[in-house]
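Report on the structure given below.
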Amino acid sequence: MSRSTISTFELFQMFPDAESARAYFEARRWPDGAICPACNEAERIGTRKGGFYRCNACLTDFTVRTGTVFERSKIPLHKWIYAMYLLVTSRKGISSLQLAKQIGVTQKSSWFMLQRLREACGNDPTTLAGIVECDETYVGGKEANRHEYKRKSLGRGSIGKTPVLAARERGGRVRAKVVAETTSRSVYSFIRGAVDVGAELHTDEAAVYRPLNGLYYRQRSINHGIGEYVRDGVTTNGVESVFAVLKRGIVGTFHHVSPKHLNRYVGEFAFRLNDGDVSRHTMQRLASLFSAAIGQRLTYKELIA
């Protein structure tokens, strides 16, 4: 086994069937024995066949899937592990069509699986500190490439595109989010939720960042308009690399992402840069994704609503 990763063949040897995958998930979630997800009872738990448990305190039947993104899924757990493996090891993501071929499910099922996993990826409460680079980008097709009846005819650049804000701690983690518009209020709200008070913010010359200086942060900027990209250690190159990977994934793997679901895709790419970083062993990355999946739930009805 490699020091930092495992091959697909090694993964299949570790999890050849649903039972081995269930044992892995239970050991990760309940290292000291099953705990009722309804009342947190740990003592009065009865064991049943097929991985089912009953809490004799509140009479709730549950499995290791209960209270996770895997809940009520009919897909075997070893197929879920393989989907998780592909999500954390594919630099630019994996399409639902490709996943469907690899694990033997329909494209509709694989799309739902990936969206559930992306929902888990967005479950990151971490706040950034130190030097934090902040920037925005716009995701969507070019106005000139649209059919004439779909064009907004309001100009070029960000017209008709969906804005995404991101913050990256220098040498550390990433937080990113889709916003309705890039106003001072939305930028302030995002940064207050993602960045610790007292951090040093590095931004470009956009006016929406100016109110942040001296309020809770020290804001320093560079001027891209005059060809300035690094000055006295101030740069946004780190956070811009996040957008580069995101857009290459959308163009090369997914081809099109609707604004409705874009935030989940953004969460996926942020997770892969954080807990899915290649410097961590594959099993650590899988463990992080499973931990993020606990306490999350996404139904198909909610997904397509």
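The values are calculated or read from the model by the stated rules, or taken from the named source; none is laboratory data. All values reported here derive from a predicted model rather than from experimental measurement. Quick reminder, even Gly has a Cβ in these numbers, built from the backbone with ideal geometry, and neighbours come from all protein chains shown.
Criterion applied to GLY252, GLY225 was being among the small types (Gly, Ala, Ser) and more than 26 Å from LEU286 (Cα to Cα), and the one residue passing it is GLY225.
Could you grab me the full set of residues in the stretch 231-244 that are outside any loop (DSSP other than H, G, I, E, B) and at pLDDT below 95?
Within the stretch 231-244, the subset outside any loop (DSSP other than H, G, I, E, B) is 231, 234-235, 237-244.
Once the filter is applied, which keeps residues that are outside any loop (DSSP other than H, G, I, E, B) and at pLDDT below 95, the stretch 231-244 yields only ARG231.
Take the conditions (1) under 16 Å from the mean Cα position of the chain (by Cα); (2) outside any helix (DSSP H, G or I); (3) outside the structural domain of THR89 (by TED's automatic domain parsing); LYS247 misses just one of them, which is (2). Of everything in the stretch 44-86 that is aliphatic (A, V, I, L, M) and touching an Asp or Glu at 6+ places or on another chain (Cβ under 7 Å), the residue that is farthest from ALA27 (Cα to Cα) is ALA57.
Regarding the stretch 31-43, can at least one residue be identified that is out of contact with any Ser or Thr (no Cβ under 6 Å at 6 or more places or on another chain) and either assigned to a helix (DSSP H, G or I) or closer than 25 Å to ARG272 by Cβ (or both)? Looking through the stretch 31-43, none of the residues is out of contact with any Ser or Thr (no Cβ under 6 Å at 6 or more places or on another chain) and either assigned to a helix (DSSP H, G or I) or closer than 25 Å to ARG272 by Cβ (or both). Does GLU205 count as surrounded by fewer than 18 Cβ atoms within 10 Å (Cβ to Cβ) and either free of Cβ contacts under 8 Å to residues at least 40 places away in the same chain or basic (Lys, Arg) (or both)? So GLU205 fits the description; yes. Number of residues in the stretch 250-284 that are over 21 Å from PHE112 (Cα atoms), β-branched (Val, Ile, Thr) and in a helix (DSSP H, G or I) equals 1. Looking across ILE94, ILE81, one residue alone is buried (at least 17 other Cβ atoms within 10 Å of the Cβ) and touching a Phe, Trp or Tyr at 6+ places or on another chain (Cβ under 7 Å). It is ILE81. Residues in the stretch 177-200 that are within 23 Å of the chain's Cα centre (by Cα), of a type in the set (A, V, I, L, M) and outside any helix (DSSP H, G or I): VAL178, VAL179, ALA180, VAL195. Within the stretch 261-305, restricting attention to residues that are within 23 Å of GLU10 (Cβ to Cβ) and among the polar types (S, T, N, Q), the residue that is surrounded by the fewest Cβ atoms within 10 Å (Cβ to Cβ) is SER279. Being of a type outside the set (S, T, N, Q) and either in the same structural domain as ARG280 (by TED's automatic domain parsing) or within 24 Å of the chain's Cα centre (by Cα) (or both) is a property that VAL239 has. Scanning the stretch 252-290 for residues that are within 26 Å of THR63 (Cα to Cα), hydroxyl-bearing (Ser, Thr, Tyr) and within 13 Å of the chain's Cα centre (by Cα) yields a total of 1.
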